[in-house]
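J.: The structure that follows is given in the form of structure tokens.
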Amino acid sequence: MSSLSGKVALVTGASRGIGRAIAINLARWGIHVAVNYRIQTHEAQKTLEEIISAGGSGMLIQADVSLASEVSRLVEAVEKNLGPIEILVNNAAIAPVQNIEDITEQDWDEVLRNNLKSVFLVTQAVLPGMRSRRFGRIINLSSGAVITGGVIGIHYTASKAGIDGLTRAYASRLVKEGITVNNLAPALIETDMVRDPEKLRKMIPMGRLGRSDEVAEAALFLVRNEFMTGQTIHVNGGLYFH
């Protein structure tokens, strides 16, 4: 891509961690970034402040992306204030740590709704505009848990595996329309969601946890690349090879 400047990106769950890092990195390239969050207003404000400090521009938009009505309001607000959404990063997720025997039907539904249904809802909402313009970049956040089984919970792993399948399904159907759809699968990245970092650090062949900005660099690559679609980039410090 000759230039990213002036394009509009929506990053869901961008109030902290990987979502924040991706939003800030995109903004450094002149992309106008809509910072979506659900409840953490103060943290989302920090993301926007860092975007502005980096010379970028954007907006905050609160919405629960697991609800269709909220997604409609979100997309409408972004397009009204920033312009047509050309880049979508589906990052919003929850990660409750639970043992198999403790997971209830309600727990299962909540995780699948927040992690997988949200990807479907937001993607469906932005696709008409992308298809009419014959351009779009969709990046979904999967997880290394899909390969390893994970340590968070079976519901979390299942939700991320669903994202893998959804990514390939969209990619195969949109490949001739100028829209690429790809996955990022981070594993053991140092964020506030990581518990017992010292124990996890010993599992990584590189001897450290990953950084959010390293995942953000991979996201930028997927935005810039015009020939890659339906793929998963594994950012894991050699934890596994796939």
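Where a number appears in this text, it was derived from the coordinates with a stated rule and is not lab data. Not measured: the values here are computed from a predicted model. Glycine also receives a Cβ, built like all others from the backbone with ideal geometry; neighbour counts cover every protein chain displayed.
J.: Select from 146, 175, 223 the residue whose mean-square fluctuation is largest in a Gaussian network model of the chain (Cα-Cα springs shorter than 10 Å).
T.: Highest fluctuation among the options: 175.
J.: What is the set of long-range amide H partners of residue 230 at a cut-off below 5 Å, with H atoms built 1.01 Å from backbone N?
T.: Result for residue 230 returns 181, 182.
J.: What does the charge count near residue 73 come to, summing +1 for each Lys or Arg and -1 for each Asp or Glu among other residues with Cβ under 15 Å from its Cβ?
T.: With Lys, Arg at +1 and Asp, Glu at -1, the neighbours total -2.
J.: Of all the C-alpha pairs in the stretch 110-200, what % are more than 24 Å from each other? Can you show the working numbers first?
T.: Working: 1140 of 4095 pairs.
Here the long-distance tail beyond 24 Å is 28 percent of all Cα pairs in the stretch 110-200.
J.: Report the extension gain between residue 46 and residue 101 in nm, rounded to one decimal, defined as 0.36 nm multiplied by the number of residues separating them, less their alpha carbon distance.
T.: 16.0 nm
J.: Let me ask something additional. Taking neighbour Cβ counts within 10 Å as the exposure measure, how do 46, 160 sort from fewest upward?
T.: 46, 160
J.: Which of the three applies to the stretch 1-94, rounded, prolate or oblate, going by the alpha-carbon gyration tensor with a ≥ b ≥ c and a/c under 1.5 meaning rounded?
T.: Since a/c reaches 1.5 but b/c is at least a/b, the shape of the stretch 1-94 is classed as oblate.
J.: Oh, and also: Could you give the size of the charge dipole of the chain about its Cα centre, using +1 on the Cβ of each K and R and -1 on the Cβ of each D and E, expressed in debye and rounded to the nearest 20?
T.: 780 debye
J.: Something else: Please tell me the relative contact order of the stretch 8-235 in percent, rounded to the nearest whole number, where contacts are Cα pairs under 8 Å and at least six residues apart.
T.: Reported relative contact order: 20 percent.
J.: Continuing with this model, one more query. Which residue, chosen from 92, 123, 4, occupies the Cα position most advanced towards the positive end of the dipole of the chain, where the dipole is computed from +1 (Lys, Arg) and -1 (Asp, Glu) charges on Cβ about the Cα centre?
T.: About the Cα centre, the residue reaching furthest to the positive side is 4.
J.: Here's another thing I want to ask about it. For the chain, find the longest principal axis of its Cα atoms and tell me its angle to the long axis of helix 17-28, 0 to 90°, nearest 10.
T.: For 17-28 against the chain, the angle is about 30 degrees.
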